[in-house]
1. Does region 267-306 hold any residues that are part of a loop (DSSP other than H, G, I, E, B) and under 19 Å from residue 357 (Cβ atoms), and which are they?
2. Quick one: in region 462-473, which of the residues that are touching a strand residue (DSSP E or B) at 6+ places or on another chain (Cβ under 8 Å) and not basic (Lys, Arg) is surrounded by the most Cβ atoms within 10 Å (Cβ to Cβ)?
3. Scan region 175-184 and give yes if some residue there is in contact with a Cys (Cβ under 8 Å, 6 or more places away or on another chain), in contact (Cβ under 8 Å) with a residue 60 or more places away in the chain, closer than 18 Å to residue 376 by Cα and not assigned by TED's automatic domain parsing to the domain that holds residue 473, otherwise no.
4. For region 368-385, give me each residue that is closer than 21 Å to residue 328 by Cα and more than 18 Å from the chain's Cα centre (by Cα).
5. Under 9 Å between Cβ atoms, at least 6 apart or on separate chains: pull out the pairs that start in region 366-388 with a residue that is in the same structural domain as residue 293 (by TED's automatic domain parsing) and end on any residue that is assigned to a loop (DSSP other than H, G, I, E, B) and among the aromatic types (Phe, Trp, Tyr).
6. Got a sec? Which of 590, 561 is under 22 Å from residue 459 (Cα atoms) and outside any helix (DSSP H, G or I)?
7. For the condition in a loop (DSSP other than H, G, I, E, B) and farther than 30 Å from residue 528 by Cα, what is the one hit in 238, 200?
8. For region 252-266: of the residues being outside any helix (DSSP H, G or I) and either modelled with pLDDT under 95 or touching a Pro at 6+ places or on another chain (Cβ under 8 Å) (or both), which is nearest to residue 535 (Cα to Cα)?
Amino acid sequence: MRGTLVEKILNKHLVEGELTPGSPIAIRIDQTLTQDATGTMAFLQFEAMNIPRVKTELSVSYIDHNTLQMGFENADDHRYLESVADRFGVIYSKAGNGICHQVHLERFGVPGKTLLGSDSHTPTNGGIGMFAMGAGGLDVASAMAGEPFYLTCPRVIGVHLTGKLPDWVSAKDVILKVLSILSSRGNVGCVLEYFGEGVKNLTVPDRATITNMGAETGVTTSLFPSDEETRRFLKAQKREDVFSELKADKDAEYDRVIEIDLSALEPLIAKPHNPDKVVPVREVEGIPVAQVCIGSCTNSSYRDLMTVANILKGKTVSKKISFVVAPGSRQVLQMITKESALTDIINAGARIMEPACGFCIGMGQAPPTGSVSIRTINRNFEGRSGTKDAQVYLASPETAIASALKGKITDPRDLNMKYPRINYPDSFIIDDSMFIMPENPDRKIERGPNIGPPPKNIPLPDEFRTVVNIKVGDKITTDHIMPAGPLLKYRSNIDVYSRYVFHYVDEEFSDRCKEYKKDGKFCTIVGGDSYGQGSSREHAAMCPMHLGVKAVMALTIERIHRGNLINFGILPLYITRDDYERLNQGDILHFPEPRDNLENNKDIRIINDTQGYEFTCRYDLSDREKEIVLFGGLLNYISEKKKEK
């Protein structure tokens with residue numbers, strides 16, 4: 001990674017370790033962000049650390065997920081988050097101000113800084129040259145407490161861009177092309193770094209779309225250099241003072257280089273049910289569409305919605321289509337209103353949603369049974385839309401709006417009109433009135449009845465037995481493990497939320513855990529390849545821990561989920577394909593000496609009591625991570641380390 005932009009930023013923030021790819025390192029975190037679906041538990045965990053004020057340069061708490069406030073639970077969470085932000089020195093972004101990634105890019109992102117967010121799409125801010133990563137809420141709480149963030153020093157994949165995007169092809173098509181090359185698995189421990197002459201032909205919103213959806217490849221983060229385009233964006237945001245030029249050396253060494261000629265790209269689309277099922281739009285055109293949703297943190301910028309408005313001007317969408325548009329931020333909404341673009345969108349038949357995550361996380365706008373929905377979001381996992389058998393396709397705003405006009409999947413080049421090139425504004429509307437700045441360190445923290453304490457775990461026992469409670473296949477997402485949508489309101493109530501672990505995969509999972517617990521047995525989850533892909537939701541580890549899960553055995557485990565398992569004292573173990581095939585749901589597994597195995601760097605020895613054979617599991621834990629698992633999780637680890645001081 002010599003001479004890369006990744007190396008330069010990490011070197012300035014390195015606290016522990018050496019920048020050797022694959023080795024454990026720790027870096028200083030400059031900024032953090034949380035959102036209300038993950039932030040409530042993150043701040044409850046921060047409270048448990050007994051730190052009087054956050055120690056980062058800047059931390060922001062965004063309300064962007066549960067903005068519908070259906071029931072008292074959401075509203076109580078928001079009141080808690082506003083009071084705890086005031087108490088501990090965190091900026092609070094009110095509901096309606098916008099999606100955390102879009103707003104942070106506009107108002108707080110700084111080239112060359114590190115950003116840790118309790119949301120997997122935090123890499124959006126790599127669009128301005130930040131080293132921005134998603135992580136579990138407990139990791140973010142630790143960063144707010146002044147602790148460094150521990151990760152594996154990444155391998156750097158260089159993406160060499162040449163050429164210029166042709167008409168009707170946009171940034172979404174670039175990242176879909178990357179996904180078609182890398183797929184959504186096998187990229188753990190890597191970073192995507194974009195370079196080349198083609199970079200200058202992409203605006204910051206274009207770059208942010210690309211880095212945002214880079215999360216779907218499974219990489220740690222993605223980033224672009226900070227250049228004159230970055231300066232132009234920050235100047236329009238009246239933040240030119242934070243600009244600095246950042247780029248890789250001309251002779252930078254990458255572990256792998258992907259070549260993409262922007263001028264050779266065509267409109268692309270991801271078929272159900274994974275973002276890497278990418279094909280040209282031409283291949284699936286003509287399929288009838290029931291719903292079109294434009295927005296989310298991937299494609300809801302000023303550029304995106306102005307493009308949509310210009311295409312729609314004087315037209316109406318097909319009568320067969322349910323058409324929804326959600327701006328990414330209040331600033332975007334104000335800008336398109338000022339320029340009358342919002343009127344064009346409404347006149348075309350759109351329903352306007354507030355600036356929030358909304359339909360991206362299954363919070364409303366569930367499509368009809370068995371129907372096709374074209375969305376500009378970043379994930380199309382089965383059931384994520386709120387309708388289990390819906391067929392969700394991921395596409396650019398151009399493809400989405402062409403499909404809305406025609407009532408079927410349509411290549412936007414077939415619209416027979418001049419492509420609207422959007423002029424970049426010299427100045428955005430700056431209205432920070434929906435940020436509440438922290439003023440009162442003596443503020444009383446307000447808690448509603450739905451808010452409970454963080455669950456506690458016990459240290460890893462010297463010996464124990466588990467039951468294989470569930471065996472699942474490849475590409476199990478955090479949506480499979482912990483459903484989102486209307487259930488998000490229970491995220492601060494672990495007793496209730498835990499009832500829904502694997503609810504749409506096997507609704508009896510939680511009840512079986514409780515029965516096994518009564519018999520003095522823990523549980524094990526067996527998974528296939530790329531287990532735990534998707535969002536950063538730590539509840540996909542926290543709730544299983546609360547139910548008595550002690551180990552996850554899988555062929556591979558995605559980065560953020562692996563970190564969350566460790567943080568909650570669950571063993572992340574790797575099995576062979578043969579072991580996977582042999583294990584069955586209901587098998588009793590005996591761990592005769594797990595602590596000794598970890599302390600002496602041995603593979604974990606396991607006896608399958610049911611089938612009468614013995615096998616071992618690998619792990620890839622650093623010395624610190626082993627300690628965390630032995631203590632029963634990160635909160636226990638931090639507490640014990642404080643006692644030692």
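1. 275, 295, 296, 297, 298, 299, 300, 301
2. Applying the first criterion (touching a strand residue (DSSP E or B) at 6+ places or on another chain (Cβ under 8 Å)) to region 462-473 yields 463-472.
Narrowing further to those that are not basic (Lys, Arg): 463-464, 466-470, 472.
Values: 463: 11, 464: 16, 466: 23, 467: 21, 468: 20, 469: 28, 470: 24, 472: 18.
Only one residue fits best here, namely 469.
3. Just the residues of region 175-184 that are in contact with a Cys (Cβ under 8 Å, 6 or more places away or on another chain), to begin with: none.
Looking through region 175-184, none of the residues is in contact with a Cys (Cβ under 8 Å, 6 or more places away or on another chain), in contact (Cβ under 8 Å) with a residue 60 or more places away in the chain, closer than 18 Å to residue 376 by Cα and not assigned by TED's automatic domain parsing to the domain that holds residue 473.
4. Correct list: 373, 374.
5. 382/504; 383/504; 388/504
6. 590
7. It is 238.
8. Among those residues, the one meeting the criterion is 255.
The values are calculated or read from the model by the stated rules, or taken from the named source; none is laboratory data. Keep in mind that what you see is a predicted model, and the values were worked out from it rather than measured. Cβ sites come from the backbone with ideal geometry, for glycine too, and all protein chains shown count toward neighbours.
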